[in-house]
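**Student:** One structure, as structure tokens, below. Some questions next.
The values are calculated or read from the model by the stated rules, or taken from the named source; none is laboratory data. Quick caveat, the model's predicted, so the values are computed rather than measured. Using ideal geometry, Cβ is built from the backbone for each residue, glycine included, and neighbour counts are taken over all protein chains shown.
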Amino acid sequence: MLKLCGFRISNYHNKVRLVLLERGIPFDEDATCTPKQSDEFLARTPMGKVPFLEIDGGRRLSESQVICEYLEEVYPEKRLLPKDPWERAKVRELVMHVELHMELVARRLYGPIFFKRGTLSEETGKAIEKDLAKGVRAFKALARFDPFIAGSALTLADCAAFVHLPLVSLATKLAFGGDCLEEVAQLKPYLKMLGERPAFRKVSDDRKAAQAAAQAK
């Protein structure tokens, strides 16, 4: 049996949860895990990060992309990576691009913008804007919107885009007064289309509920 451990505000946790729900893979969930550096928690996930996957109660995997790749190999039904090697590589390229060149760049804004931790210096802000501009330029070249981000079929790249790109948009709006993804005209209708799928709608609704509960505390 699989148990996904993390919390529902985490975009990386929600990426894996989307894959599990969209593919109909049975799993349990511990949605109370937040990053820690305690010895007990590090014994479960070496970097103290979430999400991580517990398998049959004893084995564990960390890192969202590793977990998703494992699920592709172990559960062959309704795959989210194409069979063709080139198309499969292009999906992985999109996932890597969204996470490495967009989400992780924008993540440098999350502390001061979302959690009021520290301040954003002018120098850091300019560097982030510059790196995001390059990321958006490359994203526009890679994304197909046909109607899905990698082509005609739903893939792992859509799961990544759905959880990461709205955060990138929001963070840049709050930090810089403008959405760095505004120029990607296809993005809003694309995300709306994904949000109408049952698994995507459930993950989105659960994330909003978790956010409301956290704010109430």
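**Student:** If you take just the helices (runs of 4 or more DSSP H) that sit entirely in segment 1-82, which of them hold at least 3 residues that are not charged (D, E, K, R)?
**Tutor:** 11-23, 64-74
**Student:** Spot the failing condition for Pro166; the list is (1) free of Cβ contacts under 8 Å to residues at least 24 places away in the same chain; (2) over 20 Å from Glu93 (Cβ atoms), and only one is missed.
**Tutor:** For Pro166, the failing item is (1).
**Student:** Quick one: Lys116 ticks every box in (1) loosely packed, with under 15 Cβ neighbours inside 10 Å; (2) within 19 Å of the chain's Cα centre (by Cα) bar one, so which box is it?
**Tutor:** All conditions are met except number (2).
**Student:** Here are some residues: Ala127, Ala153. Which one is surrounded by 13 or more Cβ atoms within 10 Å (Cβ to Cβ), in a loop (DSSP other than H, G, I, E, B) and out of contact with any Ser or Thr (no Cβ under 9 Å at 6 or more places or on another chain)?
**Tutor:** Only one candidate passes the filter, namely Ala153.
**Student:** Let me ask another. Does Asp146 count as under 24 Å from Trp86 (Cα atoms) and in a loop (DSSP other than H, G, I, E, B)?
**Tutor:** Considered against the rule, which asks whether it is under 24 Å from Trp86 (Cα atoms) and in a loop (DSSP other than H, G, I, E, B), Asp146 comes out as yes.
Yes or no, residue by residue, for (1) surrounded by 15 or more Cβ atoms within 10 Å (Cβ to Cβ); (2) modelled with pLDDT of 95 or more; (3) of a type outside the set (Lys, Arg):
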site: Asp39; (1), (2), (3): no, yes, yes
site: Arg60; (1), (2), (3): yes, yes, no
site: Ser64; (1), (2), (3): yes, yes, yes
site: Leu71; (1), (2), (3): yes, yes, yes
site: Lys78; (1), (2), (3): no, no, no
site: Arg92; (1), (2), (3): yes, yes, no
site: Met96; (1), (2), (3): no, yes, yes
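**Student:** Now, a different point. Which of (1) touching a Lys or Arg at 6+ places or on another chain (Cβ under 7 Å); (2) closer than 30 Å to Glu77 by Cβ is the odd one out, the single condition Asp179 does not satisfy?
**Tutor:** (2) is the only condition that Asp179 fails.
**Student:** Keeping to segment 151-179, report how many residues are among the basic types (Lys, Arg) and over 23 Å from Gly118 (Cα atoms).
**Tutor:** Residues flagged as among the basic types (Lys, Arg) and over 23 Å from Gly118 (Cα atoms) within segment 151-179 amount to 0.
**Student:** Here's a follow-up. Would you check if Ile113 is of a type in the set (Val, Ile, Thr), in a helix (DSSP H, G or I) and at pLDDT below 95?
**Tutor:** Yes; evaluated as a whole, the condition is true for this residue.
**Student:** Take segment 75-89 and flag every residue that is under 11 Å from Ala157 (Cβ atoms) and touching a helix residue (DSSP H, G or I) at 6+ places or on another chain (Cβ under 8 Å).
**Tutor:** Listed by number, the residues that qualify are Leu80, Leu81, Pro82.
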